[in-house]
Amino acid sequence: MIDFADARRKMVDSQLRPVDVTNFDLLTAMLEIPRECFVPADKAATAYLDRDVPVVEAAGTPGRCLLKPAVIAHLVQAVRPTRHDRALVVGCGTGYAAAVLARLVGAVVALEQDADLVARAREALAVVGAASVVRVVSGPLAAGWTAGAPYDVIVVNGAIEVEPAALLGQLADGGRLVAIRSKGAGNSGSGVVYQLNRGDVGAVPTFEAAAPVLPGFEKPAAFVF
């Protein structure tokens with residue numbers, strides 16, 4: 001039988017600390033939140049490995065996955081969350097990133113467009129005691145969730161190939177948005193933090209990461225004669 005508490009300790013010590021994840025509250029959250037609750041039961045044994053875990057598989061598409069621990073940690077750390085922040089997680093999947101962020105901010109809206117994932121996220125968040133902080137909503141990912149805007153923090157839980165224009169429009173002044181900007185081949189990319197200051201948006205690459213492109217953020221197919 002797997003000792004999941006021990007697996008979490010090893011994850012933090014061998015996957016997060018060595019790659020400059022230094023936010024103490026973030027490390028504590030990932031040490032305590034049972035990641036195995038956010039993957040299908042038959043994949044629980046893989047929940048703490050240094051790799052993405054598929055949660056929805058679809059023929060001919062990248063499917064959806066729970067991103068590897070270090071990628072989620074870098075995404076959350078990059079937006080410098082505070083206790084007073086209101087956050088939006090775009091593409092929440094089964095809810096793990098939202099559960100982690102809920103330990104660091106005041107309130108979280110978790111947006112997902114796949115109906116099955118919405119149901120699974122609500123169930124998992126209730127199991128880990130995060131349902132009172134996280135509100136799971138359903139809608140197109142690229143449109144964001146205007147009903148809860150503006151947000152101090154937006155975490156795009158995956159990669160993008162196009163600028164997240166609608167999401168940037170939902171940031172509060174001083175707000176931060178993080179996403180993995182895809183470089184194309186092999187899902188490689190870099191984490192980019194966008195910040196809104198007095199109407200101007202700046203973008204700064206902060207870490208290297210790989211992730212599947214989220215639905216709605218794909219580059220339009222080029223027309224070929």
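The values are calculated or read from the model by the stated rules, or taken from the named source; none is laboratory data. Owing to the predicted nature of the structure, the values given are computational and were not obtained by experimental measurement. Backbone-built Cβ (ideal geometry, glycine too); neighbour counts: all protein chains shown. Surface areas here come from the heavy atoms of the whole protein model, side chains and all, with no ligands, DNA or RNA. Shrake-Rupley method; radii C 1.70, N 1.55, O 1.52, S 1.80 Å.
Close amide-amide hydrogen proximity is noted between Ala172 and Tyr151, Asp152, each under 5 Å apart and 5 or more residues distant or on a separate chain (H modeled in the peptide plane; Pro and chain starts excluded). Short-range pairs are left out: with C-alpha atoms under 8 Å and at least six residues apart, the relative contact order of the range 15-122 is 24 percent. The simple spin-label model puts a point 7 Å past each Cα toward its Cβ; for Asp116 and Arg83 those points are separated by 4.1 nm. Adding -39500 (n - 2.57) for every DSSP H run of four residues or longer, then dividing by how many residues the chain holds, sets the calculated 222 nm ellipticity at -6000 deg cm²/dmol. Accessible surface of the range 113-185, 1.4 Å probe: 53 percent of it comes from carbon and sulfur atoms.
Distance from a point 7 Å along Cα→Cβ of Phe24 to each backbone N in the range 85-128: keep the residues under 16 Å and list them by number. Residues 104 fall inside that zone. Roughly how far apart, in whole Å, are the Cα centres of the range 10-88 and the range 148-225? Cα centroid of the range 10-88 versus Cα centroid of the range 148-225: 18 Å apart. Couplings 3J(HN,Hα) for the range 36-41, derived from phi with the Karplus relation 6.51 cos²θ - 1.76 cosθ + 1.60 (θ = phi - 60°), are 5, 6, 10, 10, x, 3 Hz, where x marks Gly and Pro. Need one word for the range 107-201: rounded, prolate or oblate. Basis is the Cα gyration tensor (sqrt eigenvalues a ≥ b ≥ c); a/c below 1.5 gives rounded, then a/b vs b/c decides. It comes out oblate by the Cα gyration axes.
Dividing the mean sequence gap of close Cα pairs (under 8 Å, 6+ apart) by how many residues the chain holds gives a relative contact order of 15 percent.
What you get for the chain, charging only the Cβ of Lys and Arg (+1) and of Asp and Glu (-1), is a dipole of about 260 debye around the Cα centre.
Surface composition of the range 2-47: carbon plus sulfur atoms contribute 54% of the solvent-accessible area (1.4 Å probe, protein chains only, all chains present). Normalised per residue, the accessible area of the chain is 46 Å², obtained with a 1.4 Å probe and no contribution from ligands, DNA or RNA.
Residues in the range 154-169 carry Karplus couplings, in order, of 10, 10, 8, 8, x, 9, 10, 10, 10, 5, x, 4, 5, 5, 4, x Hz; the curve used is 6.51 cos²θ - 1.76 cosθ + 1.60 with θ = phi - 60°, and Gly or Pro positions show x. Could you tell me which of rounded, prolate or oblate describes the range 4-120, using a ≥ b ≥ c as the square roots of the eigenvalues of the alpha-carbon gyration tensor, with rounded for a/c under 1.5 and, failing that, prolate when a/b is larger than b/c and oblate otherwise? It is oblate, given that a/c is not under 1.5 and a/b is not larger than b/c.
Estimated at the nearest 10 Å², the accessible area of Phe24 is 150 Å² with a 1.4 Å probe. Taking a ≥ b ≥ c as the square roots of the eigenvalues of the alpha carbon gyration tensor, the range 11-77 is prolate, as a/c is not under 1.5 and a/b beats b/c. Listed by chain and number, the lysines whose C-alpha is less than 22 Å from the C-alpha of Lys10, apart from same-chain residues fewer than 8 away, are Lys43, Lys68.
For Cys92, nonlocal amide neighbours, meaning residues 5 or more places apart or on other chains whose placed amide H falls under 5 Å from its own, are Leu111, Glu112.
A cut-off of 5 Å between modelled amide H atoms, ignoring neighbours fewer than 5 places along the same chain, links Val133 with no other residue. For trypsin sites (Lys or Arg not before Pro), the sites in the range 1-85 that DSSP calls loop and that have at most 14 other Cβ atoms within 10 Å are Arg51, Arg83.
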